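Encoded as structure tokens, the structure appears first; notes follow it.
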Amino acid sequence: MNKPRLWYGYDPMCSWCWAFRPALAELEAALAALDVQLTPILGGLAPDSDQPMAEAMAQHLQQIWRHIQGQLGTEFNFAFWQDCQPRRSTYPACRAALLARDQGLEAQMTLAIQKAYYLEAKNPSDTEVLAALAAALGMDKGAFIGALDSEATRQRLLAEIAKARHLGISGFPSLILESHGVFTPIAVDHRAAGPMLAAIRQQL
């Protein structure tokens, strides 16, 4: 029988996912004792776009950053909004995470994207930023660039997004427990793993 699986719906450029990192790490460490497998699945916040982000959206996202920072103490570098040309485009970062998954580096790539975006004021919507992160992880830069925007990788991401929607994932971060053929949403707690673990134990 397949062991229980906790699906983690995320986007590398989701600010709430960045805020969720500490609690997620605590949760993942505790799941081993429950023999539950944490499985990331990319949800895709925003499709590819070469257009500059609308000012209203930029202001909205900055407000979200400030809200998260005030609520949880999560660190953000607001220089991003002056130093970069923001675009509402997270699919490239999602495809980068998929390519890293093939080499067992999805978690490392996701963290690298998050640090670049939220701490170093770099734009992970840009291919050159993602390629530099891939190279720093030891991935072949040329092969990475060739695959990042390939039709095969694009279709693979769309299929993963469709699967996430089928699981019931529409916002990020999301947790869905799959156990005995039943899929149960687990309420995300950004502060601590305890409430999430209690909910998971209740379903097992």
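Details
- Crossing angle, helix 91-101 versus the chain [Cα axis fit, 0-90 degrees, rounded to tens]: 60 degrees
- Summed over qualifying helices (DSSP H, 4 residues or more, each -39500 (n - 2.57)) and divided by its residue number, the chain shows a 222 nm mean residue ellipticity of -17000 deg cm²/dmol.
- Helix axis angle, 194-203 relative to the chain longest principal axis, alpha carbon, degrees: 50 degrees
- Under the convention that each Lys and Arg Cβ holds +1 and each Asp and Glu Cβ holds -1, the size of the dipole of the chain around its Cα centre is about 420 debye.
- Applying Stokes-Einstein at 37 °C and 0.692 mPa s to the Kirkwood radius of the chain, computed over alpha-carbon pairs, gives a translational diffusion coefficient of 187 µm² s⁻¹.
- Taking Cβ atoms as reference points and 13 Å as the exclusive limit, the residues near T39 contribute a net charge of 0, counting Lys and Arg as +1 and Asp and Glu as -1.
- Degrees separating the helix 151-167 axis from the principal Cα axis of the chain, which is the longest one: 40 degrees
- Calculated FRET efficiency, F78 to Q202, Cβ-Cβ distance, R0 = 41 Å: about 0.55 to the nearest 0.05.
- Normalised by the number of residues in the range 5-203, the mean separation of alpha-carbon contacts (under 8 Å, six or more apart) gives a relative contact order of 31 percent.
- Reachable lysines from K163, criterion Cα separation under 23 angstrom, eight or more residues apart if same chain: K3
Every number in this text was worked out from the coordinates using simple rules, so none of it is lab data. Keep in mind the model is a prediction, meaning the values are calculated, not measured. Here the Cβ is made from the backbone with ideal geometry for all residues, glycine too, and neighbour counts use every protein chain on show.
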